[in-house]
Amino acid sequence: MKTYLVTGAAGFIGSNYLKYILSKYKNNEEIKVIIVDSLTYAGNLGTIAEEIKDERVKFEKVDIRDQKEIARIFSENEIDLVVNFAAESHVDRSIENPQIFLETNILGTQNLLENAKKAWTIAKDENGYPVYKNGVKYLQVSTDEVYGSLSKDYDTAIDLIIDDEEVKKVVKNRTNLKTYGKKFFTEITALDPRSPYSASKASADHIVIAYGETYKMPINITRCSNNYGPYHFPEKLIPLMIKNVLEGKKLPVYGKGDNVRDWLYVEDHCKGIDLVLRNADIHEIYNIGGFNEEQNINIVKLIIDILKEEIESNDEYKKVLKTDLQNINYDLITYVQDRLGHDMRYAIDPSKIARDLGWYPETDFETGIRKTVKWYLEHQDWVNEVVSGDYQKYYEEMYGNK
């Protein structure tokens, strides 16, 4: 029996991870999962309604900053593994209100670490370091944004050549890889955050590393590229574009739309996280990237093309369309003032996790984005549920009520 404490499990990546581990360990290993989520605007119980019914799952509506409640949860449960997804994560919101990002992402992380350390310590060694019970680990889910920004060296993507023979053996089914630059983020790239959000996540990473060094605590950190897939809150690029196309609204694109991101299908990410949690040596940091670099404007155009194609071929999809089919075209794209401090390019080198753990991103972007578009077309009830007044007010403030 392994007892997981999964924070932020009603959010996007956390909910997908919860679904993944409950399915993965259903027949060959017993697990128990304690969910901690404060249900902010991006956390929705409807996302994990079926999972909460599972007798292996216990839900706690608790903020990770709450020292008393987090201590209670550790005292009432024999927790073995902590996976911390809980975070304020939207860069635009961090620019508008940095303080909540610092409080949740830094102080909340430290609160989890401190309570895990206390709960897991069974003795001290001859040098005064804590001795922890067997099989425990804390994993911090971080982001490639802590590394800052990479240069975009090519206006048009070129072929990505993988020279490492070990990595080529792992990345066996991926072809036509491309890149917009010469350099990539690796695990030894210096942290250079540029936004309040990424600075708060980098600070949290440093706190996790400090607990590993100072207290010899068993920790890992994973840093991922941009995730996409089911249950993504519709303020991020891909779900926002899907939602707006269906409603005939303008598609706000920052600047010229030439910023580049590395896109990772969320299920691939979840597999990588659990591999690191279960199989990686303690204190190791792993980048989990998608091998899917693309400019934002090309992502938006691809979404328009796929949506139009899917709706034209399926009468059921036509029922969720709130505008005329002929309105689904590139004219919906509108360029808005660029984000403050907008990083030009992110690109992860996942060679280390490929070599050490045999992980690679199985889902190419064309396949993943089509699956994502179809999921949203088939789950409009979920979208309507999560699009609260908070979201609508935010959208209108940022982009205008168009």
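Side notes on the structure shown:
- Stokes-Einstein D for the chain, Kirkwood Rh over Cα pairs, 37 °C, 0.692 mPa s (µm²/s): 150 µm²/s
- All lysines inside 18 Å of LYS243 as judged from Cα atoms, apart from same-chain residues fewer than 8 positions distant: LYS301, LYS308, LYS318, LYS319, LYS322, LYS371, LYS374, LYS393, LYS402
- Value of Rg to Rh for region 204-244, rounded to two decimals, is 1.29; Kirkwood radius and Rg both from alpha-carbon coordinates.
- Per residue, the convex hull volume that the Cα atoms of region 305-346 enclose (Å³): 127 Å³
- Compared with the dominant Cα axis of the chain, that is its longest principal axis, helix 237-247 is turned about 40°.
- Angle of helix 266-279 to the longest C-alpha principal axis of the chain, folded into 0 to 90 degrees and rounded to 10: 10°.
- Contour minus Cα-Cα distance for ASN127 and ILE95 (0.36 nm per residue): 7.1 nm
- Of the listed residues MET1, MET241, the order by accessible area with a 1.4 Å probe, largest first, is MET1, MET241.
- Prolate/oblate/rounded label for region 235-347 (Cα gyration tensor, a/c 1.5): oblate
- Over all orientations, region 231-270 has a Cα convex hull whose mean projected area works out to 3.6 square nanometres.
- Probe 1.4 Å, protein heavy atoms only - accessible area per residue of the chain in square angstrom: 43 Å²
- Spread of Cα-to-Cα distances over 5 Å intervals beginning at zero, given as percent, for region 169-274: 2, 8, 12, 18, 20, 17, 12, 7, 3, 1, 0
- Of LYS2/LYS352; LYS201/LYS271; LYS236/LYS352; LYS24/LYS117; LYS19/LYS168; LYS152/LYS236, those spanning more than 25 Å from alpha-carbon to alpha-carbon: LYS2/LYS352; LYS236/LYS352; LYS24/LYS117; LYS19/LYS168
- Overall, the accessible surface of the chain at a probe of 1.4 angstrom is composed of carbon and sulfur to the extent of 46 percent.
- Helix 365-378 axis versus longest C-alpha principal axis of the chain: approximately 80°, rounded to the nearest ten.
- Overall form of region 219-295 per C-alpha gyration tensor (a/c, 1.5; a/b vs b/c): prolate
- Region 13-77 versus region 121-181: alpha-carbon centroid distance in Å: 25 Å
- Peptides 64-70, 3-9, 121-127, ordered by how many other C-beta atoms sit within 10 Å of their residues on average, highest first, read 3-9, 64-70, 121-127.
- Based on C-alpha pairs under 8 angstrom that are at least 6 apart in sequence, the chain has a relative contact order of 18 percent.
- If you sort the three axes of the alpha carbon gyration tensor as a ≥ b ≥ c, you get a/c of 1.5 or more for region 1-143 and a/b no higher than b/c, which makes it oblate.
- The protection proxy used here, the mean number of other Cβ atoms lying within 10 Å of each residue, ranks peptides 221-230, 46-55 as follows, highest first: 221-230, 46-55.
- Over the C-alpha atoms of region 137-198, the Rg to Rh ratio, Rh being the Kirkwood estimate, stands at 1.04.
- For region 105-161, the fraction of C-alpha pairs more than 15 angstrom apart is 69%.
- Radius of gyration and maximum dimension Dmax of region 79-179, Cα, Å: 20.6, 59
- 15 Å beta-carbon shell around TYR317, net charge (K/R +1, D/E -1): -2
The values are calculated or read from the model by the stated rules, or taken from the named source; none is laboratory data. It should be emphasised that the depicted structure is a prediction, and the values quoted were computed from it without experimental measurement. Here Cβ is always computed from backbone atoms with ideal geometry, including for glycine, and neighbour counts include all displayed protein chains. Accessible surface is based on the protein model in full, side chains and every heavy atom, while ligands, DNA and RNA are left aside. Shrake-Rupley method; radii C 1.70, N 1.55, O 1.52, S 1.80 Å.
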